[in-house]
Amino acid sequence: MGAVGLGCMPMSWAYSASQQRGDRALRAVHAALDAGVQLLDTADMYGPFTNELLVGRALKGRRSDAFVSTKCGLLVGDQHIVANGRPGYVRRACDASLRRLQTDVIDLYQLHRADPEVPVEETWGAMAELVTAGKVRALGLCAVGARASRRPGARMHDETIRQLERVQQVFPVSAVQAELSVWSPEALESLLPWCSARGVGLLAAMPLGNGYLTGTLTPGQGFEPDDLRARHPRFTAEMMAANQPVVVGLRRIAERHGATVAQVALAWVLRQGPHVVPVPGTKRERWAVENAGAAGLTLTAQDLVEIARLPPARRSWD
């Protein structure tokens with residue numbers, strides 16, 4: 001059975017600022033590590049910078065317990081985010097991340113987004129130099145966003161695979177991070193097969209559907225203005241109501257196993273292959289421990305059939 005990682009982003013960025021407290025986040029990280037979680041995923045843009053600082057604090061005296069993954073390549077400004085893939089910036093960003101994380105080496109350094117103004121091979125080459133310098137152990141690439149422009153008839157991850165083919169010629173890709181969940185399974189179509197054929201890991205981002213697949217959200221409940229879900233088309237009252245059958249189906253399976261809806265959703269992701277690691281985000285100790293427990297849940301063949309028969313999730317941009 002595989003393992004579950006911990007996405008640290010919600011602890012200091014993008015979700016309900018009123019609930020973000022450093023002491024709570026530290027307890028959540030420590031509880032996850034105690035429960036067997038090893039992968040901690042962050043990025044310099046989360047905050048920006050505050051998320052890496054938090055992870056660095058949490059790992060004081062526990063660095064050997066964790067596999068630390070962070071990202072570079074995106075800059076956060078006032079009301080906008082821009083890509084920067086210039087080699088000089090990548091080198092400076094890595095050094096800054098090392099300082100904030102209070103570590104000598106980053107286990108997995110990921111390119112958050114390719115810079116359209118810089119050939120991705122140049123950016124990747126600078127990242128490869130960091131491996132040679134001993135500052136980074138392995139390199140990863142984050143998938144192009146779901147709503148990125150695509151040619152008619154193209155599959156969602158075609159552009160990501162093109163980027164992967166290019167950078168693979170420069171230095172090996174160790175992992176790809178992309179959204180994968182019961183309500184967003186598109187990575188299974190082409191991206192996961194590409195990774196599996198090459199022994200590349202897949203970090204499954206948003207495996208709980210930004211919290212929807214926990215079964216704890218209700219249609220029309222509303223979100224704080226700073227919460228990304230307040231503006232996300234999947235989280236309108238109409239879309240949340242339309243997708244309730246997905247949660248109902250997962251809850252039915254959870255009740256048979258004496259598990260939670262979230263654990264079933266994560267167990268489904270784990271069943272997609274030995275190279276797949278779900279990285280659910282949370283800022284609470286309770287959820288961190290619960291999510292880690294999904295690694296001990298074995299779904300039956302009948303469970304998987306039931307999940308496959310659930311109605312596809314509706315999205316307002318479909």
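The values are calculated or read from the model by the stated rules, or taken from the named source; none is laboratory data. Everything numeric here is computed off the predicted structure, so don't read it as measured data. We place every Cβ from the backbone using ideal geometry, glycine too, and count neighbours over all the protein chains shown. Heavy atoms of the whole protein, side chains included, go into the accessibility calculation; ligands, DNA and RNA do not. Shrake-Rupley method; radii C 1.70, N 1.55, O 1.52, S 1.80 Å.
Below is a table of values for the structure above.
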{"item": "Filter result (small (Gly, Ala, Ser) and either within 27 Å of residue 142 (Cα to Cα) or at pLDDT 95 or above (or both)) within the range 230-249", "result": "230, 249"}
{"item": "Qualifying positions in the range 42-66 - open to solvent by less than 10 Å² (accessible area, probe 1.4 Å), over 18 Å from residue 130 (Cα atoms) and among the acidic types (Asp, Glu)", "result": "52"}
{"item": "Subset of the range 230-266 that is within 20 Å of the chain's Cα centre (by Cα) and charged (D, E, K, R) - its residue that is surrounded by the most Cβ atoms within 10 Å (Cβ to Cβ)", "result": "234"}
{"item": "Qualifying positions in the range 67-117 - open to solvent by 20 Å² or more (accessible area, probe 1.4 Å), assigned to a strand (DSSP E or B) and in contact with a helix residue (DSSP H, G or I) (Cβ under 9 Å, 6 or more places away or on another chain)", "result": "75"}
{"item": "Filter pass, residue 227 being at pLDDT below 95, out of contact with any Leu (no Cβ under 8 Å at 6 or more places or on another chain) and open to solvent by less than 40 Å² (accessible area, probe 1.4 Å)", "result": "yes"}
{"item": "Residue match in the range 17-37 (condition: open to solvent by 10 Å² or more (accessible area, probe 1.4 Å), touching a strand residue (DSSP E or B) at 6+ places or on another chain (Cβ under 9 Å) and modelled with pLDDT under 95)", "result": "no"}
{"item": "Filter pass, residue 194 being free of Cβ contacts under 8 Å to residues at least 60 places away in the same chain, aromatic (Phe, Trp, Tyr) and open to solvent by less than 10 Å² (accessible area, probe 1.4 Å)", "result": "no"}
{"item": "Condition met for residue 272 (closer than 27 Å to residue 108 by Cα, open to solvent by 20 Å² or more (accessible area, probe 1.4 Å) and of a type in the set (S, T, N, Q))", "result": "yes"}
{"item": "Test: residue 200 is surrounded by 15 or more Cβ atoms within 10 Å (Cβ to Cβ), farther than 18 Å from residue 113 by Cβ and touching a Lys or Arg at 6+ places or on another chain (Cβ under 8 Å)", "result": "no"}
